[in-house]
Each structure stands twice: as structure tokens, then as C-alpha cells.
Amino acid sequence: MRILMTVSFPVEKANELARKGTLGATIGSILEELKPECAYFGDADGKRTGFIVVNIDGMHQIPRIAEPWFLALNASIRLTPVMTADDLQKAGPDIERAGKKYGA
């Protein structure tokens, strides 16, 4: 299952690690463990934020992908299941069936 993780770091904690010179290494270490499909960083709501796509085999893996961010950065995390364009194409027949059954 492909998950989009939106990981926001509290300004104070991220500033503390930046001043120590360990912010990049901390994020890099977590990413090395996660082996994400892709990772982008920017801001959201005025906080440093990562937009990271990871693949998991089941919900039991959520602690594996979330806990490092919680523990190292006091991060807020939002997990959103996402699909590729190919996944969406494969879902087409199911969407069409639902549209015929439940659409107005």
C-alpha cells in the first residue's frame, strides 16, 4: 500500500536541531531507514514539512514509519493512502460500477 506521509516539524525542535547542525543528518537517517519512493520538503502552515511516499505491506507497519519522526522531531504526521496513475486505471471498472449503482 502506497502512503503519502505529510510530516511537519515544530519550529522550535527543528531550530534546535538546525543550530546543533544535526537536522539534516537526523532526517537523512530516518529516510535511509524508510527507503521512500520519493521525498520532498517545503513548508506547510508555517512549519518545515516533508511530503514522503512510502510503501507498506499493512497497517501494522505504521509505527515503523511514524515513530522515528515522532521521537526525533516531535513531528505531526498525516498518513494518506495514494494511488499512481496506473493504480487509478486499474480501479476504473470499480469506479464505473459504483457510478452506475450510486450515481444520480
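Tell me, which residue of the range 17-51 that is outside any helix (DSSP H, G or I) and among the hydroxyl-bearing types (Ser, Thr, Tyr) is farthest from residue 84 (Cα to Cα)? In this case the residue turns out to be 22. Residues in the range 52-66 that are assigned to a helix (DSSP H, G or I) and surrounded by 13 or more Cβ atoms within 10 Å (Cβ to Cβ): 61, 62, 65, 66. Taken together, the residues in the range 67-104 that are part of a helix (DSSP H, G or I) and surrounded by 14 or more Cβ atoms within 10 Å (Cβ to Cβ) amount to 4. Candidates 10, 68, 63, 36: the one that is of a type outside the set (Phe, Trp, Tyr) and in contact with a helix residue (DSSP H, G or I) (Cβ under 6 Å, 6 or more places away or on another chain) is 68. Among the residues of the range 61-92, count how many are without any contact (Cβ under 8 Å) to a residue 24 or more places away in the chain and under 15 Å from the mean Cα position of the chain (by Cα). Looking only at that region, the number is 6. Quick one: is residue 29 within 14 Å of the chain's Cα centre (by Cα) and not aliphatic (A, V, I, L, M)? Against the criterion (within 14 Å of the chain's Cα centre (by Cα) and not aliphatic (A, V, I, L, M)), residue 29 does not qualify.
Any read-out appearing in this document is the output of simple, stated calculations on the displayed coordinates, not a laboratory observation. Because the structure is predicted, anything quoted here is derived from the model rather than measured. Every residue, glycine among them, receives a Cβ derived from its backbone with ideal geometry; neighbour counts consider all protein chains shown.
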